[in-house]
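Okay, so here's the structure we're looking at.
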Amino acid sequence: MSTTPVTELTDRARDVFRMVVEGYLGSGAPVGSRTVSKLPGINLSPASIRNVMQDLEELGLLSHPHTSAGRIPTESGLRLFVDGMMQAAEPSAEERAAIEARLSRGGGPIEEALAAATQALSGLSACAGIVLVPKREPVLRQFGFVQLSPMQALAVLVGSDGSVENRVVDLPPGVTSSALAEVGNYVSARLSGLTLSQAQARLSHEISAGRAELDQAARELIARGLAIWSEDGSSRPVLIVRGQANLIDEFAAADLERVRQLLDELEGKEEIARLLDSAREGRGMKIFIGSENKLFALSGSSVIAAPYRGSDGKVVGVVGVIGPTRLNYARVVPMVDFTAQALSRLMA
């Protein structure tokens, strides 16, 4: 989106524009010329300020929602402000401590730490917090079946990180309890410590090489069980969203349709995950304002996202917030950046 360069604005226009934008982001309401004239540092009459506002409107940087109302920044105006005029404020010691405290409660699966960091970021920013989880396969520690009936069993997978998942599966006809025990013994001896894809590959290789000391029923059970988790893993949501309720604030009553649209968009996690995935390509912060991204064109929402890295220094995920275009960019942008840095330290 092309915008008027900051350098093309006069000093007077820059000052008025900055005060209108900061006033709007702080209050969520249109800012009038009389309000600007009372601010320190402005030695202009309301009439002169109105003339400047009109010029800024003609440049596409301001608009007014009603004939008698003050002005609000357009999306182009917000982009100009964020890229060329905003003075970011570093997160306070309390905010940094709150984020790091959430991360330090880890010890379980990494998803729990990511969810905790997202919750903290959501609460501090008054937005919905989002994090794109690293795509990774669980590593097998144990895998087996508990028979429920002649036709069904509970497949249990224990990961190396201590996570436990189970699924009810249908059994092939004639499976015996000894075949189920054989499955557990084989996995413990031959497949423990492997990812699902590695376990599938080894099972296939040992069967084809004649080294898998399993009967046909046991082979089928292991293959079926590993396939279930592989399919689940590929379709499992990789996006964690926290704090949607923050999007319904005192300004939402006048804009309920926009909020409803945004909440609907947050339900489409795959679409948002694809949006965040595009932030992996950059080396730093990505800010999407309103219709700059088609996904949020209807709700008029903004996304601030930053990549975080794994132990090898490569980008493994993205963390950020979604909120109205009038969010406090100067405060939220550094907060998202700090959270991404904290997650990178956690993943190292």
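The values are calculated or read from the model by the stated rules, or taken from the named source; none is laboratory data. Bear in mind that the values here come from a model prediction, so they are computed numbers and not experimental data. Here the Cβ is made from the backbone with ideal geometry for all residues, glycine too, and neighbour counts use every protein chain on show. The area values use the complete protein model at the heavy-atom level, side chains included, leaving out ligands, DNA and RNA. Shrake-Rupley method; radii C 1.70, N 1.55, O 1.52, S 1.80 Å.
Couple of notes before you dig in:
- Looking at the range 139-233, the accessible area is 50 square angstrom per residue; that uses a 1.4 Å probe and ignores ligands, DNA and RNA.
- q = 0.17, 0.22, 0.23 Å⁻¹: log10 I(q)/I(0) that the Debye formula gives for the range 44-158, counting C-alpha atoms only: -0.99, -1.17, -1.21
- Simple spin-label estimate for ILE42 and LEU263 in nanometres, 7 Å along Cα-Cβ: 3.6 nm
- Computed in the context of the full set of protein chains, the accessible area of the range 148-194 at 1.4 Å probe radius has 55% of its extent on carbon or sulfur.
- Other residues whose C-beta falls under 14 angstrom from the C-beta of THR7 contribute a net charge of -2, scoring Lys and Arg +1 and Asp and Glu -1.
- Residue-span extension gain [ASP170 to SER278] - 0.36 nm each, minus C-alpha spacing: 34.9 nm
- Between ARG34 and LYS314, the FRET efficiency from the beta-carbon distance, with R0 = 56 Å, is close to 0.55.
- Here the extension length gained between HIS64 and GLN119 equals 16.3 nm, from 0.36 nm per residue of separation less the Cα-Cα distance.
- Label separation (ALA97 vs GLN341): 1.8 nm, computed from points 7 Å beyond Cα along the C-beta direction.
- For the range 11-85, the Kirkwood estimate of hydrodynamic radius, built from reciprocal distances between every pair of different alpha carbons, is 12.0 Å.
- Separation of the SER197 and SER149 label points, Cα + 7 Å toward Cβ, nm: 3.7 nm
- Peptide packing for 167-176, 218-227 was compared via the average number of neighbouring C-beta atoms within 10 Å per residue; ordered from the highest value, the list is 218-227, 167-176.
- Packing rank of 333-346, 307-320, 34-47, where each peptide gets the mean count of other beta carbons within 10 Å, highest leading: 333-346, 307-320, 34-47
- Sequence of GLU22, GLU8 from largest to smallest accessible area, 1.4 Å probe: GLU8, GLU22
- Looking at the range 11-85, the accessible area is 49 square angstrom per residue; that uses a 1.4 Å probe and ignores ligands, DNA and RNA.
- Per-atom-type breakdown for the range 11-85 gives carbon and sulfur 45% of the accessible area (1.4 Å probe, protein chains only).
- 10 °C / 1.306 mPa s Stokes-Einstein diffusion coefficient of the range 139-233, Kirkwood radius on C-alpha pairs, µm²/s: 121 µm²/s
- Between GLU220 and ALA245, residue separation times 0.36 nm minus the direct Cα-Cα distance comes to 4.4 nm.
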